[in-house]
Structure formats: structure tokens, C-alpha cells
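What follows is one structure encoded as C-alpha cells, with my remarks underneath.
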Amino acid sequence: MPADAAWPSSPVPDVPGDVWRWQLPSVHDASRVRMDLRARLAHPSLTSSSTEDAREGLLLAFEELASNALRHGGGAVEAVIVATADGWVLSLSDEAVDRPPVPAVDRDPALGGMGLPMVAQLSVDHGWSADGGRKHVWARLTSGVAVPGATPSPRGSLA
């Protein structure tokens, strides 16, 4: 796999914001959580401070990372989203600390496995880390709306 295709090793950004947390015991729970997430994103404060494309991107990124955690991870799966002034940090964790995310490279899209590259394209930054017996696969997505006084963080710098 080319070095630039690897999912980078980087800790989940520690950013202030509203924390949304769900447990996903099974694949069926991913649909329930996606519906709850969609309802949260429909709140007037979020619809006025984010674009529809950005909200749909977050839903898609959630779906892809949740599916990967449930199919390829191990143990209990947890989803955490931190809603910030300029977007969201999405993190899915599982207990498979010895299995880093591996994006599909040069694979026929009909065979699947295109979720990680898609999430990478939707996000301004992404990565994975292992700590406390859990693997965290994360992505940072913008709201699609410029926040006055905020400057976009360069890739790899989430301060």
C-alpha cells in the first residue's frame, strides 16, 4: 500500500463542544443511531450554522466508520461526536487495538471497501489511535459555514 494511502496514526482531537455518545452493540443499532443523529442535526441551531451538504457528509462518515467498527473491529463499539462551533469531530472506537484501519487501494469499487477513502475526502483531518484498550478511528468535518474569527486548521494541526 502506498504510504500516502495509509490512515494516519494520530490521537483524537481534544476540542471543546457538545458531546454526543452512543453505544452500538450490533449492526442494527447503527441505523437507530443514524436516525438519532439526523434528528439532532435537524435542530434549528445546527441547520442555521451548517450546510445541508456538511450535515449529509457527517451522516455518511458516521455510517462508514460505524460499519467498519462493527464489521472489522472487536468488542463493544462506541460512537462519539463532538459538535464544535465550526463542525464536528466524529470518533468510533472498538476493542481491536491490534487492527488499524486499512483503506482499500486499487480495489474494484464493486468489491466494497471504499469507506475510509470517502471519509478522508469528506474530512479536513482524520486518523486513528489506540489507548486504554480501545482503538479510535476519527474524522474532523467542517460545518460548511465560515465562523467569524476562525481560521481553518491545516491538516494535522487541530489546535
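Read the figures in this text as sums done on the coordinates, not as results from a lab. Bear in mind that the values here come from a model prediction, so they are computed numbers and not experimental data. Please note: Cβ atoms are built from the backbone with ideal geometry, for glycine as well, and neighbour counts cover all protein chains shown.
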When the distances between all Cα atoms of the range 3-83 are binned every 10 Å from zero, what whole-number percent does each bin get? 15, 45, 33, 7, 0
Within the range 61-103, find all residues whose amide N lies under 17 Å from a label point positioned 7 Å from the Cα of Met35 along Cα-to-beta-carbon. 63
With the contact rule set at Cα under 8 Å and sequence spacing of 6 or more, what percent relative contact order holds for the range 24-120? 25 percent
Karplus-derived 3J(HN,Hα) from phi for the range 78-94 (6.51 cos²θ - 1.76 cosθ + 1.60, θ = phi - 60°), whole Hz, x at Gly and Pro, runs 10, 10, 9, 10, 9, 8, 10, 5, 10, x, 9, 10, 9, 9, 10, 10, 8
Of all DSSP beta bridges located in the range 3-142, what percent are antiparallel, nearest 5? 95 percent
Please compute P(r) over all alpha-carbon pairs of the range 3-142, binned at 5 Å starting from zero, and give each bin as a whole-number percent. 2, 10, 21, 24, 22, 14, 6, 2, 0
Sites Asp53 and Ser9 - FRET efficiency at Förster radius 30 Å, r taken between beta-carbons, to 0.05: 0.55
Which of the peptides 136-142, 79-85, 51-57, 19-25 is most tightly packed, and how do the rest follow, going by the mean number of other Cβ atoms within 10 Å of each residue? 136-142, 79-85, 51-57, 19-25
